[in-house]
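Presented below is the structure to which this report refers.
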Amino acid sequence: MQSMTKIPVMAVVLLWTAVAWSAPATPDERGWEIAREADRRSSGYGDSTAHLRMILRNRQGQESERAMRIRSLEIEGDGTKSLCIFDTPRDVKGTILLTHTHKTEDDDQWLYLPALRRVRRIAAQNKSGSFMGSEYSYEDIATQELEKYTYTWLRDETYDGNDCFVVERRPVDQAHSGYSRQVAWLDKSAYRTWKVDYYDRKDDLLKTLTCKGFRIYQDRFWRAGEMNMVNHQTGKSTRLLWSDHTFGTGQNELDFERSRLTLIR
Amino acid sequence: MKILAVLATWMVGLAAAGAGEISGYVSVEGRGFLHDALYDGQDRDNGSIAAQPEYYHEWENGSSFTFVPFARIDSADSERTHFDVRELNYLYREGIWFFRLGFGKVFWGATEFVHLVDIINQTDFVEHIDGEDKLGQPMLQFGISPSWGNVEVFILPYFRERTFPGEDGRLRTSRVVDTDDAIFESSSEESAKDLVMRYSNTIGSADFGVYFFRGTSREPLLATPDLIDPNDTDETRLIPFYEQINQIGADVQYATGNWLWKWEGYFRNGYFQDYFATVGGFEYTFFDVAGSGHDISVLSEYSWNDRDDGGMTIFQNDLFGGLRWAPNDEAGTQLLVGFSQDMEQHENALTIEASRRFGAHWRLIVEAWCFLNAEPSGVLHELRDDDFARLELAYYF
């Protein structure tokens, strides 16, 4: 028995070293490898909750703020289920956005309107529209499913003192995305995304996202404390301030069902 | 009003003690009518103030207590000056089941222009003729969500009568609905209990629900007094009559791409006749029109029922069209223009509703209703001179 099991183990070890040591043949393969590794490192958290402050700034520098709570749950073999519960502005307090993202199919989305105690399904194709008047669109805030883009490694570059991969990603669903492509800077040590340039459908630079204040949770998961999205075409920007990240809070799938929206606050 | 002061003090006290959170709004509203009042006693315009604070407390185990009183003081209509407990309930959750006890609010339905199958809460009609304001309903609600869907059972121990404008109020029938003199089919009157069971689920991109209701109808039949007592020849009043009904209702919402499909229908077995009513339609959204960030939706719905007295019922054979504009700006601006056309009576109406936020706490709502064409035999005839504009400024805290 011993000798029989030894052969596959050896084969696996050889295969692994082959993958690790030979550089992928094309920039597309390399881009895919980097994206997959980043995805692998950021998944497996199970479920999490966090507080989010969103600070909108217009061209004149006037600011307005939204506060919300985010809860999310990974679904094995599919996407993520998430709840976004609004606390401010006060006229939308208690409004809840429920999203079920899927790897390949259209996402499902519902909006709970507390004034009417009503749950409305919203059209799945809303990707490029602004989220709450911010510089983030629905596709920016949705969980980034690996399968929804194709990738190309462009170059290696130092960004903000970090040795980074520069990877381009193009949406598979080009008809509904607001972007022709995105260019992301991921550091080589932990595959954290530090910067993303978003190009509009005419391939002009539209927005730039920069992330900072990374902290590690559960010795595994890096989360940015601050994200800033600047719209180059309008001069507006939106800052996201994350706090109170908690993992393994014991939420289950039922907590993310449409029928339960009337029970939470 | 003394009760209000006591409640307010109590709520502030609770919040100050750190026991829960307080939110809600206070608002001022003005309604201006295009034409002089048609009926004796009606004021032309009215102004009012309203408040709806909300106290919410959640315990560690996820159970919660909610209290939402509502009050309005109106310059013209004493019936519109009213107080209601919108919610006052305790919710307990444990795994896949929950129960709620107290005054609650439950909405069922899919369509935008007509809310046909929504039945748990009575309409606070004196608030707004759109029927979206509801009175708190005393209930015991039990729900369970096994893997095959959601089952809910309601026992509604006390009936709430629909509110109607009083003699001084606009948007009323020529005869005033005498809400102090309602009659019931059930000898238990308001104490007759309703029983409701509902099953709902989501399959793929479709949400649906089916329910059975047995109890007092939320929609009164409005009778002239002589129908009830031949000697009563009073021509200034209508008497609400609440029948006992059995109703099976269903609603479906389905999303695909930019389309939302919506359908509601019910079959009702009542005192006078059995009938079927339905409404269905779609909403198609153009997202991010020409890269502007604005969304524009086109809505259309059709409603129909096979009541014998169909001509005099609203939504008997009606087509609705609407346009929703959402610029997705930081003020949360929204605009909805709606048009309804009665296919038999050639009556039509136009509604415009717009709102936006100012700063972090204020919201301004502007609304206009125009009854463009009202036939003498139609339902809108009595409202033919009640075209109005409404302005509401609300402070949310």
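Give the relative contact order (percent, whole number) for the range B:219-292; include only Cα pairs under 8 Å separated by 6+ residues.
It comes to 22 percent, rounded to a whole number.
Rounding to the nearest 10 and keeping the result within 0 to 90°, find how far the Cα-based axis of helix A:2-21 lies from the longest principal axis of chain A.
The angle comes out near 60 degrees.
Kindly identify the protein assembly as shown as rounded, prolate or oblate by the Cα gyration tensor criterion: order the square roots of the eigenvalues as a ≥ b ≥ c, call it rounded if a/c is under 1.5, otherwise compare a/b with b/c, prolate if a/b is larger, else oblate.
On the way: a/c = 2.11, a/b = 1.93, b/c = 1.09.
Note, shape of the protein assembly as shown comes out prolate.
If each of A:I55 and B:W259 carries a label point 7 Å out from its Cα toward its Cβ, how far apart are those two points in nm?
Label at A:I55, label at B:W259, 4.5 nm between them.
Suppose each label sits 7 Å from its Cα in the direction of the beta carbon; what would the B:S191-B:S147 distance come out to in nanometres?
Distance between label points: 4.6 nm.
Pick out which of B:Q141, B:Q334, B:Q273 has the largest mean-square fluctuation in a Gaussian network model of chain B, springs linking Cα atoms closer than 10 Å.
B:Q273
Residues with beta-carbon under 11 Å from that of A:G129, excluding A:G129: net charge, scoring Lys, Arg +1 and Asp, Glu -1?
Values: positive: A:K127; negative: A:E139, A:D140, B:D288, B:D295.
Computed value for this residue: -3.
Specify whether the C-alpha gyration tensor of the range B:2-396 places it in the rounded, prolate or oblate class, a ≥ b ≥ c being the square roots of the eigenvalues: rounded for a/c under 1.5, otherwise prolate if a/b is larger than b/c and oblate if not. Working shown, then result.
Numbers: a/c = 1.16, a/b = 1.12, b/c = 1.04.
Rounded is the answer for the range B:2-396, as its axis ratio a/c remains below 1.5.
Mind giving me the nanometre distance, one decimal, between the label points for A:S43 and B:V298, set 7 Å out from Cα along Cα→Cβ?
3.9
Of the options B:I22, B:F371, B:T179, report the single residue whose Cα projects farthest towards the positive end of the charge dipole of chain B (beta-carbon charges: Lys, Arg +1; Asp, Glu -1).
So the residue we want is B:I22.
Cα centroids of the range A:179-232 and the range B:232-301: how far apart, whole angstrom?
Measuring centre to centre over Cα atoms gives 44 Å.
Just add up the charged neighbours of A:K188: K/R +1, D/E -1, any other residue whose Cβ is under 11 Å from the Cβ of A:K188.
Values: positive: A:R192; negative: A:E37, A:D156, A:E157, A:D163, A:D187.
Local net charge: -4.
Can you give the helix-only mean residue ellipticity at 222 nm for chain B, where every DSSP H stretch with n ≥ 4 adds -39500 (n - 2.57) and the sum goes over all residues, rounded to the nearest 500 deg cm²/dmol?
Working: 2 runs with 19 residues, N = 397.
When only DSSP H runs of four or more count, the value is -1500 deg cm²/dmol.
Which shape class, rounded, prolate or oblate, goes with the range A:200-261 when its Cα gyration tensor gives a ≥ b ≥ c as root eigenvalues, a/c under 1.5 marks rounded, and past that a/b bigger than b/c marks prolate? List each step's numbers first, then the result.
Numbers: a/c = 2.92, a/b = 1.61, b/c = 1.81.
The shape class here is oblate.
Only Cα pairs within less than 10 Å get springs; with that Gaussian network setup on chain B, which residue of B:L383, B:L34, B:L350 has the largest fluctuation?
Between B:L383, B:L34, B:L350, it is B:L34 that shows the largest mean-square fluctuation.
Could you please report the charge total around A:D108, scoring K, R as +1 and D, E as -1 over all other residues with beta-carbon less than 10 angstrom from its beta-carbon? Spell out each step's value before the answer.
Numbers: positive: A:K81, A:R121, A:R258; negative: A:E105, A:D106, A:D107, B:D207.
Net of charged neighbours comes to -1.
In the Gaussian network model of chain A, springs joining C-alpha atoms below 10 Å, which of A:M132, A:M227, A:M68 carries the largest mean-square fluctuation?
A:M132
Is there a quick way to get the dipole size of chain B? I mean about its Cα centre, with the Cβ of Lys and Arg at +1 and of Asp and Glu at -1; what is the value in debye to the nearest 20? Let's see the in-between values first.
Numbers: 29 positive and 65 negative charges, 299 e Å.
In debye, rounded to 20, chain B gives about 1440.
Counting alpha carbon pairs within less than 8 Å and at least 6 residues apart, what relative contact order, in whole percent, applies to chain B?
Here the relative contact order equals 12 percent.
Between B:E243 and B:F282, take the C-beta separation as r, use R0 = 25 Å, and let me know the FRET efficiency to the nearest 0.05. Before the final figure, lay out each step's value.
On the way: r = 33 Å, r/R0 = 1.33.
So, using R0 = 25 Å, E works out to roughly 0.15.
What residue among B:G338, B:A250, B:L116 has its Cα farthest toward the positive end of the dipole of chain B, where the charges are +1 on Lys, Arg and -1 on Asp, Glu, each on the Cβ?
B:A250
Counting only the backbone N, which residues of the range B:49-63 are under 19 Å from the spot 7 Å out from the Cα of A:E65 toward its beta-carbon?
Zone members listed by number: none at all.
Give me the inter-chain shielding for A:253-264: mean count of other chain Cβ atoms within 10 Å, whole number please.
Working: counts 1, 7, 2, 0, 4, 6, 10, 6, 0, 8, 8, 5.
Across A:253-264, the average partner-chain Cβ count within 10 Å equals 5.
Hey, quick one: spin label on B:R44, modelled 7 Å out along Cα-Cβ, who in the range B:164-194 has an amide N within reach, i.e. under 19 Å?
Taking a point 7 Å out along Cα→Cβ of B:R44, the residues of the range B:164-194 whose backbone N falls under 19 Å are B:168-172.
Since every read-out is calculated from the coordinates, none of them should be taken as a lab result. The shown structure was predicted, so the numbers you read here are calculated from the model rather than taken from an experiment. No Cβ is skipped: glycine too gets one built from the backbone with ideal geometry, and neighbour counts run over all protein chains shown.
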